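A short worksheet on the structure shown next.
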Amino acid sequence: MLLTADRVIPGPADAEPIDHGAVLVDQGRIARVGRAAEFGDAADRLDFPGHTLMPGLIDAHVHLALPGDGTPFTAYAQDEPPGVHMAVAIRNAATALRAGITTLKDCGGPHTLTFELRRAAEKGYAQAPHLHLCGRPLTIRGGHCWYFGGECGGRDGVAEMVREVSKQGADYVKAMGSGGGTPHTMSWLPAFTPAELTRMADEAHRLGRRLAVHCLCGAATMQALAAGVDVIEHCGFITGPDTPQRFDPAVAEAVARAGVPVCPTLSVGDTVLPHLQGRDRDRWERMLAENLEQTSQLRAAGVRLIAGTDAGWRFTPFDWVAREMAILQECGLSAAEALASGTHAAAEALGLDRETGCLAPGLAADVIAVPGNPLQDLTALRRPAFVMRAGEVIVDGR
Ligand SMILES: [Zn+2]
């Protein structure tokens, strides 16, 4: 199948767009990319005048099993049965895919649910993006998201849990390096000990997997870096239960020096605000402003930023990564870098760049067509006219 459009954006931030470009797809893979004039006649040809062809989007931080409708986390995770969690996950996966998000990194769900969803999708019983999975997030006893079943402790205990999730099908290992939005957890303190985190990273790496660590305070980020983390989630600078965040340039410099990408998940604050009033709203407004400022400062320090929404958490929807990319642009990324943050740069950070994130021969045919030129207006990404995942046409709105 030959796809043509006014322009083709290959994906990497430094790659030049191709005017009047074309993408040739063969057996689910990209066979060739170039100027449309260089391609002969194809029997099977779709033209997208007025549009841009680009790689399918990647949301590098979601929770498929969570509803994203503001339902309190504890009640939902503990009281709803697994069938409800699965129904929600199936709905969310389809929502993301239809929005042009052809790859999702799930950052933690209950027990083996996400592996089961992927299996169902592979069998054709559900429609889902490519799923990059960790299964349960590793957490200390009573730590953030403990309901998902990933509680572990001690050096041998954390290594055993890494092996357990790997056995079940984890592509990477996720750990809660500090508390979070789970009641009675402390987001201003590291959760695991340095020795536990180091053992976890070593075991993940020994088994050929990357380690992503949720860090809401600077001390957790420093501890994760010392352990050899591969991706930092959130990278917050929370200092206490009711105190403002305090950006620490030394932490930003250390992250930049280590070359570890950060996924700041700014959509959570952005989407929760319309639902809040009074003191709660004031608190979240302050947090969002701090997070935007901190992300700008991380960027200025040279930290690699990738787009992830935390979809499922609080009010964050599953078709939202284009908005996250736009927020990253507001934090100082160029338009090309913002596009890459949700395509090629994200694929690199996840270790998926030989499979997706880019329009290049040999990669999966994950392709979207969006109106106009997204380099001039990122909101175009919200309205894909065409979505293809591994060569399969999911949306054709011509
Ligand atoms: Zn999350």
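The values are calculated or read from the model by the stated rules, or taken from the named source; none is laboratory data. Fair warning: this is a prediction, and the values are worked out from it, not measured in the lab. For neighbour counting, all protein chains shown are included, and Cβ atoms are generated from backbone atoms with ideal geometry for every residue, glycine included. Remember, those area values only see protein heavy atoms, side chains included, never the ligands or the DNA or RNA. Shrake-Rupley method; radii C 1.70, N 1.55, O 1.52, S 1.80 Å.
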- Output for region 158-172, where each listed residue is in contact (Cβ under 8 Å) with a residue 12 or more places away in the chain and either open to solvent by 10 Å² or more (accessible area, probe 1.4 Å) or in contact with a Cys (Cβ under 6 Å, 6 or more places away or on another chain) (or both): Val158, Met161, Arg163, Ser166, Gln168, Gly169, Ala170, Asp171, Tyr172
- Query: Among the residues of region 230-242, is any open to solvent by 10 Å² or more (accessible area, probe 1.4 Å) and within 27 Å of His344 (Cβ to Cβ)?
  - Reply: yes
- Message: out of contact with any Asp or Glu (no Cβ under 6 Å at 6 or more places or on another chain), touching a residue at least 40 places away in the same chain (Cβ under 8 Å) and not in a loop (DSSP other than H, G, I, E, B): which single residue out of Leu352, Leu359, Leu339 fits that description?
- Response: Leu339
- Message: Suppose the filter is among the polar types (S, T, N, Q) and open to solvent by 30 Å² or more (accessible area, probe 1.4 Å); does Gln277 pass it?
- Response: yes
- Query: Which one is nearest to Gly240 (Cα to Cα), of the residues in region 180-210 that are of a type outside the set (Val, Ile, Thr) and within 15 Å of the ligand (Cβ to nearest atom)?
  - Reply: Ser187
- With respect to Ala227, is the statement that it is in contact with a strand residue (DSSP E or B) (Cβ under 8 Å, 6 or more places away or on another chain) and among the small types (Gly, Ala, Ser) true? yes
- Query: In region 9-48, which residues are outside any loop (DSSP other than H, G, I, E, B), among the acidic types (Asp, Glu) and more than 21 Å from Leu339 (Cβ to Cβ)?
  - Reply: Asp26, Glu38, Asp47
- Message: Kindly evaluate Ala365 against the criterion of being away from the ligand (no atom under 16 Å from the Cβ), under 28 Å from Ala170 (Cβ atoms) and assigned by TED's automatic domain parsing to the domain that holds Leu46.
- Response: yes
- For region 67-88, which residues satisfy the criterion of being free of Cβ contacts under 8 Å to residues at least 24 places away in the same chain, in contact with a helix residue (DSSP H, G or I) (Cβ under 9 Å, 6 or more places away or on another chain) and open to solvent by 60 Å² or more (accessible area, probe 1.4 Å)? Glu80
- Query: Does Leu305 count as over 24 Å from Gly109 (Cβ atoms), crowded, with 23+ Cβ neighbours inside 10 Å and assigned by TED's automatic domain parsing to the domain that holds Ala93?
  - Reply: yes
- Query: Within region 379-394, how many residues turn out to be assigned to a strand (DSSP E or B) and surrounded by fewer than 17 Cβ atoms within 10 Å (Cβ to Cβ)?
  - Reply: 2
- Note on the structure: Among Gln329, Gln376, the single one that is outside any helix (DSSP H, G or I) and touching a residue at least 24 places away in the same chain (Cβ under 8 Å) is Gln376
- Message: With the structure loaded, tell me whether Thr112 is at pLDDT below 95 and either of a type outside the set (Asp, Glu) or open to solvent by 10 Å² or more (accessible area, probe 1.4 Å) (or both) or whether it fails that test.
- Response: no
- Task: Please tell me if Cys145 is out of contact with any Cys (no Cβ under 8 Å at 6 or more places or on another chain), within 16 Å of the ligand (Cβ to nearest atom) and at positive phi.
- Result: yes
